[in-house]
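Here the structure is laid out as C-alpha coordinates; the discussion comes afterwards.
The values are calculated or read from the model by the stated rules, or taken from the named source; none is laboratory data. This one's a predicted model, so the numbers in the text were calculated from it and none came from an experiment. Ideal geometry is used to build each Cβ from the backbone, glycine not excepted, and the neighbour counts take in all protein chains shown. Just the protein is used for accessible areas: all its heavy atoms, side chains included, with ligands, DNA and RNA removed. Shrake-Rupley method; radii C 1.70, N 1.55, O 1.52, S 1.80 Å.
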Amino acid sequence: MDRPRKPTLDTVAGAVGVSRATVSNAYNRPDQLSAALRERILETAASLGYAGPDPVARSLATRHSAAVGFMLGQGLSASFADAALSIVLDGLASTVDGHDHCLVLMPGRDRGGPRPETVARAQADVVVAYSLPDDAPALTAVCAQG
(Lines give C-alpha, C1' and ligand atoms only; values in the text may rest on other atoms or scores of the structure.)
Protein backbone atom coordinates (compact mmCIF):
# COMPACT_ATOMS: atom_id res chain seq x y z
CA MET A 1 0.00 0.00 0.00
CA ASP A 2 1.42 3.38 -1.01
CA ARG A 3 1.67 6.07 1.60
CA PRO A 4 0.12 9.38 0.57
CA ARG A 5 2.70 11.99 -0.36
CA LYS A 6 3.22 14.86 2.00
CA PRO A 7 1.80 18.11 0.64
CA THR A 8 4.36 20.58 -0.68
CA LEU A 9 4.54 24.28 -1.43
CA ASP A 10 3.47 23.42 -4.99
CA THR A 11 0.46 21.46 -3.70
CA VAL A 12 -0.74 24.50 -1.77
CA ALA A 13 -0.06 26.86 -4.69
CA GLY A 14 -2.13 24.67 -7.00
CA ALA A 15 -5.01 24.41 -4.54
CA VAL A 16 -5.15 28.17 -3.97
CA GLY A 17 -4.47 29.07 -7.60
CA VAL A 18 -1.41 31.20 -6.93
CA SER A 19 2.29 30.90 -7.70
CA ARG A 20 4.78 28.99 -5.61
CA ALA A 21 6.44 32.34 -4.75
CA THR A 22 3.14 33.68 -3.38
CA VAL A 23 2.80 30.71 -1.03
CA SER A 24 6.42 31.17 0.04
CA ASN A 25 5.71 34.83 0.76
CA ALA A 26 2.79 33.86 3.00
CA TYR A 27 5.32 32.19 5.30
CA ASN A 28 8.49 34.21 4.78
CA ARG A 29 7.39 37.71 3.74
CA PRO A 30 3.81 38.17 4.95
CA ASP A 31 3.98 41.94 4.40
CA GLN A 32 4.10 41.25 0.64
CA LEU A 33 0.52 39.89 0.63
CA SER A 34 -2.88 41.15 1.60
CA ALA A 35 -4.13 39.81 4.91
CA ALA A 36 -7.01 38.06 3.16
CA LEU A 37 -4.79 36.25 0.64
CA ARG A 38 -2.33 35.20 3.32
CA GLU A 39 -5.16 33.85 5.47
CA ARG A 40 -6.60 31.91 2.52
CA ILE A 41 -3.17 30.39 1.79
CA LEU A 42 -2.55 29.42 5.42
CA GLU A 43 -6.05 27.93 5.81
CA THR A 44 -5.63 25.90 2.61
CA ALA A 45 -2.19 24.76 3.74
CA ALA A 46 -3.59 23.64 7.10
CA SER A 47 -6.48 21.77 5.46
CA LEU A 48 -4.01 19.94 3.20
CA GLY A 49 -1.73 19.10 6.13
CA TYR A 50 1.12 21.30 4.92
CA ALA A 51 3.13 22.37 7.95
CA GLY A 52 5.14 25.09 6.24
CA PRO A 53 8.49 25.35 4.51
CA ASP A 54 10.93 22.52 5.16
CA PRO A 55 13.69 23.86 7.43
CA VAL A 56 16.29 21.61 5.78
CA ALA A 57 15.38 22.87 2.32
CA ARG A 58 15.43 26.44 3.61
CA SER A 59 18.90 25.99 5.10
CA LEU A 60 20.17 24.56 1.81
CA ALA A 61 18.75 27.49 -0.15
CA THR A 62 19.93 30.20 2.25
CA ARG A 63 23.14 28.46 3.36
CA HIS A 64 22.17 29.32 6.95
CA SER A 65 20.96 26.92 9.60
CA ALA A 66 19.67 29.43 12.16
CA ALA A 67 21.58 27.45 14.77
CA VAL A 68 24.37 28.30 17.17
CA GLY A 69 26.54 25.37 18.16
CA PHE A 70 27.86 25.24 21.71
CA MET A 71 30.79 22.89 22.34
CA LEU A 72 31.23 21.68 25.89
CA GLY A 73 34.47 20.39 27.30
CA GLN A 74 32.81 17.48 29.08
CA GLY A 75 29.57 15.51 29.22
CA LEU A 76 26.21 17.08 29.98
CA SER A 77 25.92 15.89 33.58
CA ALA A 78 29.26 17.32 34.57
CA SER A 79 28.69 20.47 32.51
CA PHE A 80 25.34 21.24 34.09
CA ALA A 81 26.90 21.05 37.52
CA ASP A 82 29.00 24.09 36.51
CA ALA A 83 27.24 27.20 37.87
CA ALA A 84 29.12 29.54 35.52
CA LEU A 85 28.06 27.46 32.53
CA SER A 86 24.41 27.77 33.59
CA ILE A 87 24.71 31.55 33.52
CA VAL A 88 26.45 31.53 30.12
CA LEU A 89 23.91 29.13 28.60
CA ASP A 90 20.96 31.09 29.97
CA GLY A 91 22.28 34.33 28.48
CA LEU A 92 23.16 32.75 25.15
CA ALA A 93 19.84 30.88 24.89
CA SER A 94 17.82 34.04 25.50
CA THR A 95 19.92 35.93 22.96
CA VAL A 96 19.65 33.39 20.15
CA ASP A 97 15.94 32.83 20.79
CA GLY A 98 15.31 36.55 20.32
CA HIS A 99 16.83 36.24 16.84
CA ASP A 100 14.88 33.11 15.84
CA HIS A 101 17.90 30.87 16.23
CA CYS A 102 18.28 27.71 18.21
CA LEU A 103 21.06 26.45 20.40
CA VAL A 104 22.69 23.10 19.60
CA LEU A 105 24.64 21.57 22.49
CA MET A 106 27.62 19.40 21.61
CA PRO A 107 28.75 17.61 24.77
CA GLY A 108 32.38 16.73 25.15
CA ARG A 109 34.21 13.79 26.59
CA ASP A 110 37.13 13.71 28.99
CA ARG A 111 37.48 17.52 28.86
CA GLY A 112 38.58 17.28 25.22
CA GLY A 113 35.36 18.57 23.76
CA PRO A 114 33.03 16.84 21.32
CA ARG A 115 34.34 14.41 18.76
CA PRO A 116 35.62 16.18 15.62
CA GLU A 117 33.23 14.07 13.49
CA THR A 118 30.29 15.42 15.48
CA VAL A 119 31.47 18.99 15.02
CA ALA A 120 32.01 18.48 11.28
CA ARG A 121 28.41 17.24 10.87
CA ALA A 122 26.81 19.92 13.03
CA GLN A 123 24.69 22.37 11.07
CA ALA A 124 25.44 25.62 12.82
CA ASP A 125 26.16 29.10 11.51
CA VAL A 126 28.49 29.84 14.40
CA VAL A 127 30.08 27.71 17.11
CA VAL A 128 30.93 28.74 20.66
CA ALA A 129 33.56 26.80 22.59
CA TYR A 130 33.27 26.62 26.36
CA SER A 131 36.18 25.49 28.48
CA LEU A 132 38.09 23.61 25.78
CA PRO A 133 41.86 23.31 25.72
CA ASP A 134 43.57 25.25 22.92
CA ASP A 135 44.66 22.03 21.22
CA ALA A 136 41.22 20.35 21.31
CA PRO A 137 40.54 18.42 18.08
CA ALA A 138 37.01 19.90 18.12
CA LEU A 139 38.48 23.39 17.63
CA THR A 140 40.52 22.15 14.68
CA ALA A 141 37.34 20.67 13.19
CA VAL A 142 35.52 24.00 13.54
CA CYS A 143 38.37 25.88 11.87
CA ALA A 144 38.35 23.37 9.03
CA GLN A 145 34.67 24.18 8.39
CA GLY A 146 35.54 27.78 7.62
Could you tell me the distance between the Cα centroids of the range 23-86 and the range 87-146, to the nearest Å? 20 Å
Rounded to a whole %, the carbon-and-sulfur portion of the accessible area of the range 61-109 at a 1.4 Å probe is 60 percent
Protein chains only, probe 1.4 Å: how do ARG38, ARG111, ARG63 rank by accessible area, largest first? ARG63, ARG111, ARG38
Unit charges on C-beta of K, R, D, E only; dipole of the chain, Debye: 540 debye
Quote the FRET efficiency, to the nearest 0.05, computed for ASP90 versus ALA66 with a Förster distance R0 of 25 Å and r equal to the Cβ-Cβ distance. 0.80
Quick one: compute the contact order of the chain, relative version, from alpha carbon pairs under 8 angstrom and 6+ residues apart, as a percent. 22 percent
Quick one: helix 83-97 against the long Cα principal axis of the chain, what's the angle to the nearest 10°, folded into 0 to 90? 20 degrees
With only Lys, Arg, Asp and Glu charged, each at its Cβ (+1 for the first two, -1 for the last two), find how big the charge dipole of the range 41-100 is about the Cα centre; round to the nearest 20 debye. 220 debye
Using θ = phi - 60° and Karplus 6.51 cos²θ - 1.76 cosθ + 1.60, couplings along the range 124-136 (whole Hz; Gly, Pro as x): 9, 6, 8, 10, 10, 9, 10, 6, 9, x, 4, 9, 5
Report the extension gain between VAL104 and ALA83 in nm, rounded to one decimal, defined as 0.36 nm multiplied by the number of residues separating them, less their alpha carbon distance. 5.6 nm
In Å², nearest 10: area of VAL16 left accessible to a 1.4 Å probe: 20 Å²
Selection from LEU76, SER94, ALA46 lying farthest towards where the dipole of the chain points positive, charges on Cβ: ALA46
Taking θ as phi - 60°, what are the ³J(HN,Hα) couplings along the range 21-34 by the Karplus curve (6.51, -1.76, 1.60), each to the nearest whole Hz, with x for Gly and Pro? 4, 5, 5, 4, 4, 4, 8, 9, 9, x, 5, 7, 10, 5
